[in-house]
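Trainee: What follows is a single structure, and I will ask about it in a moment.
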Amino acid sequence: KLILLDSLLQEMKCLRRLFMLFFCLRYIQVSGVEERTAVGERSVAGVGDRTGAGDSDDDGAGAGLEKDGAKILSHLSKDVIAIEGSDIRLSCHIQNLNNRTVSWIRHSDTNLLTVGRYAYTSDTRFSPLHPTLTPNYQLRISGVTKSDEGSYECQISTTPPIGHSINLSVVDPVTEILGGPDIFVDSGSTINLTCITRQTAGTPDYVQWFHFNQEISWRGPRSGVSSVMEAGQTTVSQLLMQRAVPADTGNYTCSPHNSRPASVQLHVLEGKHPAAIQAGTSLTVDRVILLVNLLAIRLSRR
């Protein structure tokens, strides 16, 4: 009996150990699931935080660059295309500058050009400009050249500094009046002056014609005046004046809004003159060339 009782006690101890082992394993399993769940929730929360931060960046992308309250509005600080030899301004639109300063740096040689109201370069063509009570902080370049092309940065003295790059392109446009520099027409004939402009900083918005310094218009005192313009990479403007009279003699200037002007001297002759006939033949050839050019332009756009 004692042996049987001792066997039962041993079996009960084994069962107790088995139950304890079972409960330990179960606890470890449940704890692991809870930990993984918590980690997963933190991961989801982290993704949400990053997504929120991204949304915030997207919302602020259009507003510009900002640091310590100072802000550069990049969409108002645009690249510039300039005509060689002209005076131009690169403009940085800045809000809340307060007591900070604006500097201009040229990227091609990392040369510091201006700081605040002072120029820091020996090239006197460069100078800072800030129109009073405006958010426009400008770099002025006089007599711009091809060598001035490149990227320029306006920089605010925050910690760390923030900046915005503006690209400068310089073009050398060509404007010419066909048949020049002297054009001869007979009295009573139709005057046809053709001006061609190419290599410009974009398409010209308009082309003005002048007789000496007086603008020519169909609304002016001279009747029978009309003009047409074909805009594109090569812009063609034609001035037509019916029934030429000696008073039409003189200097004529074609002036596109974004290019250099071109001038010719018009001579209105009375009667038949060999010079007029010869000039008329030259004009006819020029008109044929013009029509071929116009046809090529229109075919290239199709």
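The values are calculated or read from the model by the stated rules, or taken from the named source; none is laboratory data. These figures come from a predicted structure and were not determined experimentally. Methodologically, a virtual Cβ is constructed for each residue, glycine included, from the backbone with ideal geometry; neighbour enumeration extends over all protein chains shown. To get the accessible areas, we keep the full protein, side chains included, count just its heavy atoms, and leave off ligands, DNA and RNA. Shrake-Rupley method; radii C 1.70, N 1.55, O 1.52, S 1.80 Å.
Trainee: Kindly indicate which of 147, 103, 108, 165 is within 30 Å of residue 203 (Cα to Cα) and in a strand (DSSP E or B).
Mentor: Numbers: 147 fails: in a strand (DSSP E or B); 103 fails: within 30 Å of residue 203 (Cα to Cα); 108 fails: in a strand (DSSP E or B).
Matching residue, one of 147, 103, 108, 165: 165.
Trainee: Identify, from the list 121, 132, the residue that is among the β-branched types (Val, Ile, Thr), in a loop (DSSP other than H, G, I, E, B) and open to solvent by 40 Å² or more (accessible area, probe 1.4 Å). Write out each step before concluding.
Mentor: Details: 121 fails: open to solvent by 40 Å² or more (accessible area, probe 1.4 Å).
From the options 121, 132, the qualifying one is 132.
Trainee: Look through 148, 123, 109 and report the one residue that is at pLDDT below 90 and not aliphatic (A, V, I, L, M).
Mentor: Numbers: 148 fails: at pLDDT below 90; 123 fails: at pLDDT below 90.
Matching residue, one of 148, 123, 109: 109.
Trainee: Under 7 Å between Cβ atoms, which residue pairs at least 6 apart in sequence (or on different chains) link something in segment 196-217 that is among the small types (Gly, Ala, Ser) with a partner that is part of a loop (DSSP other than H, G, I, E, B) and buried (at least 16 other Cβ atoms within 10 Å of the Cβ)?
Mentor: Once the first residue is among the small types (Gly, Ala, Ser) and sits in segment 196-217, its partners that are part of a loop (DSSP other than H, G, I, E, B) and buried (at least 16 other Cβ atoms within 10 Å of the Cβ) give 201/258; 202/258.
Trainee: While we're on this one: Between a residue in segment 88-105 that is free of Cβ contacts under 8 Å to residues at least 40 places away in the same chain and surrounded by fewer than 20 Cβ atoms within 10 Å (Cβ to Cβ) and any residue that is in a strand (DSSP E or B) and of a type in the set (D, E, K, R), which pairs come within a Cβ distance under 9 Å, given they are 6 or more apart or on different chains?
Mentor: Taking only residues 6 or more apart or on different chains, the pairs are 96/66; 96/71.
Trainee: Check segment 172-182 and report whether any residue there is in contact with a Phe, Trp or Tyr (Cβ under 6 Å, 6 or more places away or on another chain) and among the hydrophobic types (A, V, I, L, M, F, W, C).
Mentor: Filtering segment 172-182 down to residues in contact with a Phe, Trp or Tyr (Cβ under 6 Å, 6 or more places away or on another chain) leaves none.
No: segment 172-182 contains no residue that is in contact with a Phe, Trp or Tyr (Cβ under 6 Å, 6 or more places away or on another chain) and among the hydrophobic types (A, V, I, L, M, F, W, C).
Trainee: Among the numbered criteria (1) in contact (Cβ under 8 Å) with a residue 24 or more places away in the chain; (2) among the aliphatic types (A, V, I, L, M); (3) out of contact with any strand residue (DSSP E or B) (no Cβ under 6 Å at 6 or more places or on another chain), which one does residue 162 miss?
Mentor: Unmet for residue 162, out of (1) in contact (Cβ under 8 Å) with a residue 24 or more places away in the chain; (2) among the aliphatic types (A, V, I, L, M); (3) out of contact with any strand residue (DSSP E or B) (no Cβ under 6 Å at 6 or more places or on another chain): (3).
Trainee: Sort through 253, 235 and tell me the only one that's in contact (Cβ under 8 Å) with a residue 40 or more places away in the chain and either part of a helix (DSSP H, G or I) or surrounded by 15 or more Cβ atoms within 10 Å (Cβ to Cβ) (or both).
Mentor: On the way: 235 fails: in contact (Cβ under 8 Å) with a residue 40 or more places away in the chain.
After ruling out the rest, the residue left standing is 253.
Trainee: Does residue 182 count as open to solvent by 60 Å² or more (accessible area, probe 1.4 Å), at pLDDT below 85 and not aliphatic (A, V, I, L, M)? Before the answer, list the steps.
Mentor: Numbers: open to solvent by 60 Å² or more (accessible area, probe 1.4 Å): yes; at pLDDT below 85: no; not aliphatic (A, V, I, L, M): yes.
Answer is no for this residue.
Trainee: How many of the residues in segment 142-159 are open to solvent by 50 Å² or more (accessible area, probe 1.4 Å), free of Cβ contacts under 8 Å to residues at least 60 places away in the same chain and in contact with a strand residue (DSSP E or B) (Cβ under 8 Å, 6 or more places away or on another chain)? It would help to see each step written out before you state the result.
Mentor: Initially, segment 142-159 is screened for residues open to solvent by 50 Å² or more (accessible area, probe 1.4 Å), giving 146-147, 149, 155, 157, 159.
Now narrow it down to the ones that are free of Cβ contacts under 8 Å to residues at least 60 places away in the same chain: 147, 149, 155, 157.
Pick out the ones that are also in contact with a strand residue (DSSP E or B) (Cβ under 8 Å, 6 or more places away or on another chain) and you get 149, 155, 157.
Counting residues in segment 142-159 that are open to solvent by 50 Å² or more (accessible area, probe 1.4 Å), free of Cβ contacts under 8 Å to residues at least 60 places away in the same chain and in contact with a strand residue (DSSP E or B) (Cβ under 8 Å, 6 or more places away or on another chain) gives 3.
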